[in-house]
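The values are calculated or read from the model by the stated rules, or taken from the named source; none is laboratory data. Because the structure is predicted, anything quoted here is derived from the model rather than measured. Cβ placement follows ideal geometry from the backbone for every residue including glycine, while neighbour counts extend to all protein chains displayed. Areas reflect the complete protein model, heavy atoms only, side chains present, ligands, DNA and RNA absent. Shrake-Rupley method; radii C 1.70, N 1.55, O 1.52, S 1.80 Å.
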Amino acid sequence: MCAKRYQNLADAARVALPEHWDWRQEITHSAPVFLTGGILQAQRFAVDLKAAIVWQPNVQKRCLDSEAGTWLQHHYPLLNAQLRQFCLKHQIDSALQWQESAMYQGLKPQESAEQLEQQVPRLIGYGKGLTPDGDDYLLGYLAALRPWHLPPDVEAHRNRLQQSIEQNLPRTTDISQHYLRRAVQGHFSQPVCDLLRQLSTHTPLKTFIACTENVMQFGATSGADCLAGLLHGLRTLNTYS
């Protein structure tokens with residue numbers, strides 16, 4: 001179920017609920033939930049989804065040409081600055097050391113694409129939460145590469161990375177496995193897709209900042225880790241643009 005304060009997720013149902021009703025109190029920990037014929041059926045409640053509006057990501061692929069590369073390089077410093085400010089303001093405590101600040105301890109993903117591939121077995125499931133920090137980082141990295149018709153070298157790198165992620169999924173939580181599988185398929189949440197659309201164009205500063213903030217709002221550290229991974233993906237793209 002998707003709360004009102006969140007935008008559309010990769011897989012979620014947004015429904016109108018009776019006041020003060022909490023579905024979590026209506027289901028036991030091990031009780032099954034089925035989706036059959038458009039009806040989400042639990043032991044003590046059912047939700048009719050047949051008339052629901054289905055949101056789909058709409059990130060059009062484009063060539064990674066010099067113009068696109070210029071915009072990526074233009075937006076990168078702003079993204080990086082927003083991430084730093086957000087982490088300091090909200091005292092983000094990620095298990096990943098993707099900032100230069102001494103307040104971060106732990107695994108530091110390497111800069112090169114090839115070294116990142118070698119890091120996948122260590123990143124999958126690394127950190128805390130329902131979607132561990134390393135998984136969110138990899139999701140953001142995949143998102144950065146998604147909107148582009150990539151040069152052969154980068155395309156081969158992405159394919160190897162995705163294969164490694166799929167092979168190592170048993171290392172992490174069920175929820176995180178699901179979101180990483182969807183990321184490999186190119187399906188991300190609406191805030192991530194909205195930000196991706198702004199990266200290669202001239203965007204009003206206010207709009208760009210709002211899109212970045214929406215990504216970072218998710219979870220305790222998930223949004224910040226995702227944006228850090230996206231920045232790593234932009235560094236890979238900038239190498240070839």
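Couplings for region 35-51, taken from phi via the Karplus curve 6.51 cos²θ - 1.76 cosθ + 1.60 with θ = phi - 60°, read 10, 9, x, x, 10, 8, 10, 10, 5, 10, 7, 9, 10, 7, 9, 5, 9 Hz in order; Gly and Pro are left as x.
Compared with the direct C-alpha span, the chain from GLU67 to THR207 gains 48.4 nm at full extension, assuming 0.36 nm per residue. Each of THR173 and ALA156 was given a label point 7 Å from its Cα along the Cα-to-Cβ line. The distance between the two points is 3.7 nm.
A probe of 1.4 angstrom, applied to the heavy atoms of all protein chains, finds LYS108 with accessible area near 120 square angstrom. Take the chain and mark each of the chymotrypsin sites (Phe, Trp or Tyr not before Pro) that is in a DSSP loop with at most 13 other Cβ atoms within 10 Å; the longest unmarked stretch, sites excluded, is 46-241. Between LEU78 and VAL15, the modelled labels are 4.0 nm apart [label points 7 Å from Cα along Cα→Cβ]. Of the GluC sites (Glu not before Pro) found in region 141-241, no site is in coil according to DSSP while having at most 13 other Cβ atoms within 10 Å of its Cβ.
Which percent of the accessible area of the chain is formed by carbon and sulfur heavy atoms (probe 1.4 angstrom)? Can you show the working numbers first?
Values: 6760 of 13120 Å².
That share works out to 52 percent.
From largest accessible area down, sort ILE53, ILE165, ILE27, ILE209; use a 1.4 Å probe on the protein chains. Walk me through the numbers on the way to the answer.
Values: ILE53 165, ILE165 0, ILE27 40, ILE209 60 Å².
Reading off the accessible areas and sorting them downward yields ILE53, ILE209, ILE27, ILE165.
Per residue, the accessible area of the chain comes to 54 Å², computed with a 1.4 Å probe over protein heavy atoms only. Converting phi to 3J(HN,Hα) with the Karplus coefficients 6.51, -1.76 and 1.60 and the offset θ = phi - 60°, region 133-141 yields 4, x, 5, 5, 4, 5, 4, x, 5 Hz in sequence order, with x at every glycine or proline.
Distant-in-sequence amide contacts of CYS63, defined by a placed amide H-H separation under 5 Å and a gap of 5 or more residues or a different chain, comprise HIS149.
Per-residue Karplus couplings for region 174-190, computed as 6.51 cos²θ - 1.76 cosθ + 1.60 with θ equal to phi - 60°, are listed in order as 4, 5, 5, 4, 4, 5, 5, 4, 5, 5, 4, 7, x, 10, 10, 5, 4 Hz, Gly and Pro entered as x.
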